[in-house]
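The values are calculated or read from the model by the stated rules, or taken from the named source; none is laboratory data. Remember, it's a predicted structure, so these values are computed and weren't measured experimentally. Every residue, glycine as well, gets a Cβ built from its backbone with ideal geometry; the counts of neighbours run over all protein chains shown. Note: accessible area is taken over every heavy atom of the protein model, side chains too, but ligands, DNA and RNA are not part of it. Shrake-Rupley method; radii C 1.70, N 1.55, O 1.52, S 1.80 Å.
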Amino acid sequence: MAPLKILLCGDVLGRLNQLFKRVSSVNKAAGPFDALLCVGQFFPDSVEGIEEFNGYIEGRSKIPIPTYFIGDYGAGSPKILSEALKDPSNKGFKMEGLRVCDNLYWLKGSGKFSLHGLSVAYLSGRRTPSGTQFGTYSQDDVDALRALAEDPGTVDIFLTNEWPSGVTNGTTSKALVEISDSSGSDPTVSELVTEIKPRYHVAGTVGVYFDREPYANIDALHATRFLGLAPVGNKDKQKFIHAISPTPASTMSKTELSAKPPNTTLCPYTNVDKASPPDGATKRPGDSTSESQYWRYDVSKKKQKHGDGGGDRLCFKFVSSGSCPRGNQCQFRHDEEASEQYSRGVCFDFLNKGKCEKGPDCNFKHSLQEEGDRSASRAASSNRSKECWFCLSSPNVESHLITSVGEYYYCALAKGPLTPDHVLIMPIEHTPNTLSLPLECEKELERLQSSFKAYFKKQGKEAVFFEWVFKRGSHANLQVVPIPSSRASAVRDIFNLAADKLGFKLTMVKEGRQALRTQFDRSCSLFYVEVPGGDILSHVIEENEKFPAQFGREVLAGLLNIADRADWRNCKVGKEEETKMVERFKNGFQEYDPNQ
């Protein structure tokens, strides 16, 4: 496989002709490049530049390679971006970018996505008090990145428009002696980069090129390299485009990842002033005492350990790890009870804001978790059920997808199914996995699996079962995907091949689920797949390992030659069509259903 090649660019300022002429030249000489990532202001400085910009938007001029931008401000940006938001293809949760035109993608708000195996995180817009729809980031965007920072795995590239405050601390470079650190820099970015710990951090807006010496991260093996890029067509002829060829961290060994150049410095952000909310920033519900009922977890009334921040926002570092290197200088609250709730698997966004916008994509719990006697446990379970997308007692459950209900398990067609008869087997009890349930539950599950195997076999198909067990997960689901019998012998090989490409090995569990249940450690995350024939392949996920949550689905999508259906969000249909699919499935499965 050819090494990845990525181009990075500073403020474009709408000068797309000059940019793409240079990109085409570089691509011809040293390419092909896989993508172009742009930081800083992407749109023109004035209305005079809009006509050139619109030439690309309207298709009169072509963009040579996939191009991503986060600088969603400048002349013409509200009109162009508003039109992009209306595009039906941009509906839904799309961290990988909203399509503006062919080969041009807007990274909106904040997020993290995979780009040819590279983990790319971003913060769109700038820190301003204007509160406009475009060109600024919100506190919610910052909070979302803090939550993403806790995900397993290393971020390869972090994109911001503004430089992090303090990035010049500890550098021996003489190139920035006349640059004020307060010009185009942002303390919030400093805080985020210390938590995200990317391998590359790329920013614009300051107007100069700066390739800082790598610096060591606190509590991480790898070093970070900061690149500040100049604007396109700048009068000083400073470098505005830069090429890198990074190996995805997910495929590197610990030895490779921890290698540091001899000029590596200490982290420059240890003594940076902390960010405060922008003047004039719009308050959210819950910012005042009179509206405190909005917060399901009222941090202002809980016991704190450190942190003298004036706001009610929780410190993600403290909540997730129990400590914070900023100590009592941290502007966010250090709440011991919130940290305890997080350790029990409660969603940080739920604790911090009282709600989570990820819906069923969130792997955390959306209710406070109690300890103590059985009655407290039952109360906690009841609260969880009200919030969980998969609990039958929840108002959020999509009951029209349910196909069968037993004593311990129920079955439902998958939302956004890989195939029309893609089924989820879920425990009725709110539990994070199917492996640690009592024996009577396991016997019912075995009957269900046997029924699915028989049902699909009559159709000339074989059933593949897989489960992603996340140690802080919420409600378990064992997925069932039928494949043609002619492809059954390839399942084991394609899963092993996919694992090899991602840098890990699947372990054979010959004795099946019984052995897996015996070996299962609830303190670890786990993926396993039961292949046709009954053998199980499993992989225990290490604490900092980057593991794709949709691994099982993505592998089977490749096996079935339907790669475009690997993401369930691309496969969603309306409720009416879902209801028809359920009825068709129930009619076919009825004679095999052990719950009938």
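Couple of notes before you dig in:
- Just one of the numbered conditions (1) surrounded by 16 or more Cβ atoms within 10 Å (Cβ to Cβ); (2) of a type outside the set (Val, Ile, Thr); (3) under 21 Å from residue 592 (Cα atoms) is not true of residue 474: (3).
- Per the conditions (1) without any contact (Cβ under 8 Å) to a residue 40 or more places away in the chain; (2) under 29 Å from residue 96 (Cβ atoms), the sole criterion not satisfied by residue 562 is (1).
- In this structure, residue 142 does satisfy being more than 24 Å from residue 20 (Cα to Cα), touching a Leu at 6+ places or on another chain (Cβ under 8 Å), of a type in the set (A, V, I, L, M) and surrounded by 15 or more Cβ atoms within 10 Å (Cβ to Cβ).
- Selected residue (only one of 53, 42 is more than 27 Å from the chain's Cα centre (by Cα) and open to solvent by less than 10 Å² (accessible area, probe 1.4 Å)): 53
- Taken over region 194-233, the criterion of being open to solvent by less than 30 Å² (accessible area, probe 1.4 Å), in contact with a helix residue (DSSP H, G or I) (Cβ under 7 Å, 6 or more places away or on another chain) and over 15 Å from residue 164 (Cα atoms) is satisfied by 222, 232.
- Checking each residue of region 554-564 against the condition of being assigned to a helix (DSSP H, G or I), of a type in the set (A, V, I, L, M, F, W, C) and touching a Leu at 6+ places or on another chain (Cβ under 7 Å) gives at least one match.
Residue by residue, here is whether (1) open to solvent by 60 Å² or more (accessible area, probe 1.4 Å); (2) at pLDDT 90 or above holds:
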{"residue": "538", "(1), (2)": "no, yes"}
{"residue": "544", "(1), (2)": "yes, no"}
{"residue": "563", "(1), (2)": "yes, no"}
{"residue": "568", "(1), (2)": "no, no"}
{"residue": "572", "(1), (2)": "yes, no"}
{"residue": "578", "(1), (2)": "no, yes"}
{"residue": "585", "(1), (2)": "no, yes"}
{"residue": "592", "(1), (2)": "no, yes"}
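- Strands (runs of 3 or more DSSP E) fully within region 358-455 counting 3 or more residues that are at pLDDT 85 or above and open to solvent by less than 10 Å² (accessible area, probe 1.4 Å): 409-413, 423-427
- Selected residue [among the hydrophobic types (A, V, I, L, M, F, W, C) and open to solvent by 70 Å² or more (accessible area, probe 1.4 Å)] from 502, 526, 497: 497
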